[in-house]
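Q: After the structure tokens below, expect a handful of questions from me.
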Amino acid sequence: MSRPQTQAIREFILDCVASSPRSIARQVAQAYGISRQAANRHLDVMVAEGLLEQQGYTRSKEYRLRRMSTLNRELRVTPVLNPDRLWDDHIAPVLHDDRPAIRDLCHGAFCELIQNVIGHAHAAWVTVSFATTARHVDIMVGDDGRGIFHELAEKIGVRDPREAADLMADHANARSTDFPAARLLLLARNFEWLEITSSGVTLTYDAGPESWSVAEGESAGKGTKVSMRLGRGSKARNRINTRALEEAFSR
């Protein structure tokens, strides 16, 4: 089997596993006209390389993308907390081989979240979580502050956090830049999804319909949690909206 075909099969496997963990060997065999035994050999190699995790046996096998890099840190919020240094020390080396657009987007979004905590959250602690697979980058930043929707409601003069979140979603869907947190909303357009949970409300961006929605979230408590997922690999190559990226960074 030629090297280009082997690489194409590996990319196909990663895409299949990212969307559905079962019947992978059958899908590979049908797509490339090879036997299931040959398809399973590709899968076994990728498990051995640490790209995939296998569960079950024979026809009940399931595969999942293996988390290859993880970071979980809880940091005290002080004026000297430096998001760029945190990025350079712990995250940048993991994304060293990714395209510059992916590195820039993750760096911009990560630093924006940390700066928001430092400047606006009135928080004592910030929690940072970072993980990668062969197809995704997952970032979470949480704090124990007053909560973004509570702060936003006071700033724009509305009654409660839910109303503030609804207005934020309306402006985001209209792609308005004349609203607090506009930079983060612009950056979000490049992610598969992004969730902001605070004050019992969750604001979600879904790249499928390219829309924002608001729903009741976790029980109301202190702070804000922002979770985001960025795609990597073949299906994500054309997703980066460079215009939105440049517009966000120019703000």
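Q: Given a 1.4 Å probe and the protein chains all in place, what does the accessible area of Thr6 round to, in Å² to the nearest 10?
A: Surface open to solvent at Thr6 totals about 40 Å².
Q: If R0 is 41 Å, what FRET efficiency do you get for Ala8 and Ser213 from their C-beta distance, rounded to 0.05?
A: Using R0 = 41 Å, I get an efficiency of 0.70.
Q: Between Trp193 and Arg159, what is the spin-label point distance in nm, taking each point 7 Å from the Cα along the Cα→C-beta axis?
A: 3.0
Q: May I ask you to give the percent of accessible area on segment 1-136 that is carbon plus sulfur, with a probe radius of 1.4 Å?
A: That share works out to 47 percent.
Q: Using mean Cβ contacts within 10 Å as the protection proxy, how do 40-48, 181-189, 155-163, 17-25 order, highest first?
A: 181-189, 17-25, 40-48, 155-163
Q: At a 10 angstrom cut-off on C-beta neighbours, averaged per residue, how do the peptides 122-129, 75-82 rank from highest to lowest?
A: 122-129, 75-82
Q: Quick query: amide H of Glu192 versus all other amide H atoms, modeled in the peptide plane; which residues come in under 5 Å with a sequence gap of 5 or more or a different chain?
A: Distant-sequence amide H within range of Glu192: Arg229, Leu230, Gly231.
Q: Now for a separate question. With each label point set 7 Å from Cα along the Cα-Cβ vector, what nm distance links Arg85 and Arg73?
A: 1.0
Q: Can I ask one more? Keeping all protein chains in place, calculate the accessible area per residue for the chain (probe 1.4 angstrom), answer in Å².
A: Heavy-atom accessible area per residue stands at 52 Å².
Q: Right, here's the next one. Label segment 168-211 by shape, choosing from rounded, prolate and oblate, from the square roots a ≥ b ≥ c of the eigenvalues of the Cα gyration tensor; if a/c is under 1.5 it is rounded, and otherwise prolate applies when a/b is larger than b/c, oblate when it is not.
A: Note, shape of segment 168-211 comes out oblate.
Q: Can you give the calculated 222 nm mean residue ellipticity of the chain, where each DSSP H run of n ≥ 4 adds -39,500 (n - 2.57) and the sum is split over every residue, rounded to the nearest 500 deg cm²/dmol?
A: Rounded to the nearest 500, it is -12500 deg cm²/dmol.
The values are calculated or read from the model by the stated rules, or taken from the named source; none is laboratory data. All values derive from a computational prediction rather than experimental measurement. Please note: Cβ atoms are built from the backbone with ideal geometry, for glycine as well, and neighbour counts cover all protein chains shown. Remember, those area values only see protein heavy atoms, side chains included, never the ligands or the DNA or RNA. Shrake-Rupley method; radii C 1.70, N 1.55, O 1.52, S 1.80 Å.
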